[in-house]
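For reference, the structure discussed in these notes is given below.
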Amino acid sequence: MNKLINIIFILFLVINYCFCIKVKRDDINNSLINLIVDSNKFNNYPIGGKCGSNITLSCNNMIDALNYAQTLSGGVSQIGFLLMDGIYDFTNNTIQVFGIGVGIASYNIGSVNVIFKGGNKNNVPLVTINESINNVSKTGITQTTLSFSDVSFQDFSSSIIDVIVNLTNVQIEIENCNFNNYSSNVSNVSMINVSSDAKESSSISVTIRNSGFTGSRNSFNDVPTIYLTSTTLNIYNSSISNIFGPSFISSLNSEISVFGCNVGFTSTQYGVFKVQDTTLELSGSTFTNCTSSISGGVLTSTTTSVSNNADFNFRLQDCQISNCSSLNGGSIYASNIGPYQPMTSNIMGCTFSGGYASNSGGVIYSINTPLNIVDTQFTSNLLDTVVVWFL
């Protein structure tokens, strides 16, 4: 019995350590601090004044919370913003973070009532991570982490995350979040933008779990919902629907993995995923009624293959794809425009049904891109040929 109690106690400590952002825990040298933020309060304190230590003396917004944290001695390396239920605007909660860990979470774990709405009047992203603002040199690599948990975004027009780094390690985690009705009237503004110079020693990873993306469009129709360069992206058990624009995700020199996701009712130019020189894996996911006006209702993949050892390819495994259509390649359009042939891409254990292309390649349109198709069914597709290649 005592042994069981000891095991339970150890597990409790581990859980509290892993989810320290959600647990009120201030260590003695202020390296980790959680601050309560309540948009419903109008507490009085000077700029940089103490706030957030309890529900009564909460911070009115994230800007005030960050200003207070930066006044603490001992060096704050991790800050948790614990948000009470309420509506949060972008203008009063826009923050710049760098070289620290920041967690933004609902105070009430599992709440769906922490909601960001509207947009920043100056079109500034909610969270900016930009090493040029912080004068980063090549003498060392800085670590910055950002997490969102149990937070919703509704009827909003500003970017949520904007990352521009070359020499910085950045880790972003999004869990149990909902993104509903993103609509921007500003050109070249994605909901999430993560950018790095591929030639530098940067390491950026983004992980999205158990989240939903519903409704996304840009008035200029010139940017995707998520834009990545030199980034590793993993998406688990999430839903994506009613996406309009060039694509849901556009990437360059990146690695993308999607597991157990449901995607449907998208209307794009280049498919749900528009990737260049990117390794993409889609596994155990469903794609329904994904249409595009130019290429690949689900995927448009382009490789430049500027070297003979480039390892960019795509892999679809155990996916169900139905009623997807495009001009060329109803579901997949793959093209290699470089001097070298890319690695073989694989389609394994998938089902394609009800797809068509108004021009060529009812399901797959492939140009100079080797494909390996195994244990895959093509049913009720309106097409003359399943695969077209080397045009």
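The values are calculated or read from the model by the stated rules, or taken from the named source; none is laboratory data. Everything numeric here is computed off the predicted structure, so don't read it as measured data. Cβ atoms come from the backbone with ideal geometry, glycine included; neighbour counts cover every protein chain shown. Ligands, DNA and RNA are excluded from the accessible area calculation, which covers all protein heavy atoms including side chains. Shrake-Rupley method; radii C 1.70, N 1.55, O 1.52, S 1.80 Å.
A few notes on this one:
- Scanning the range 291-302 for residues that are in a strand (DSSP E or B) and among the polar types (S, T, N, Q) yields THR291, SER292, SER295, THR300, SER301, THR302.
- Residue within the range 378-385 that is open to solvent by less than 30 Å² (accessible area, probe 1.4 Å) and either modelled with pLDDT of 95 or more or closer than 24 Å to ASN262 by Cβ (or both) present: yes
- Taken over the range 77-113, the criterion of being part of a strand (DSSP E or B) and surrounded by fewer than 19 Cβ atoms within 10 Å (Cβ to Cβ) is satisfied by GLY86, ILE87, ASP89, GLN96.
- At least 3 residues being touching a helix residue (DSSP H, G or I) at 6+ places or on another chain (Cβ under 6 Å) and open to solvent by 10 Å² or more (accessible area, probe 1.4 Å) is the threshold, and among the strands (runs of 3 or more DSSP E) wholly inside the range 219-290 not one reaches it.
- Subset of the range 351-366 (residues that are surrounded by fewer than 20 Cβ atoms within 10 Å (Cβ to Cβ) and at pLDDT 90 or above): THR351, SER353
- Of all residues in the range 183-236 being over 14 Å from the mean Cα position of the chain (by Cα) and among the hydroxyl-bearing types (Ser, Thr, Tyr), the one that is modelled with the lowest pLDDT: SER201
- Residue match in the range 132-139 (condition: surrounded by fewer than 20 Cβ atoms within 10 Å (Cβ to Cβ) and in a strand (DSSP E or B)): no
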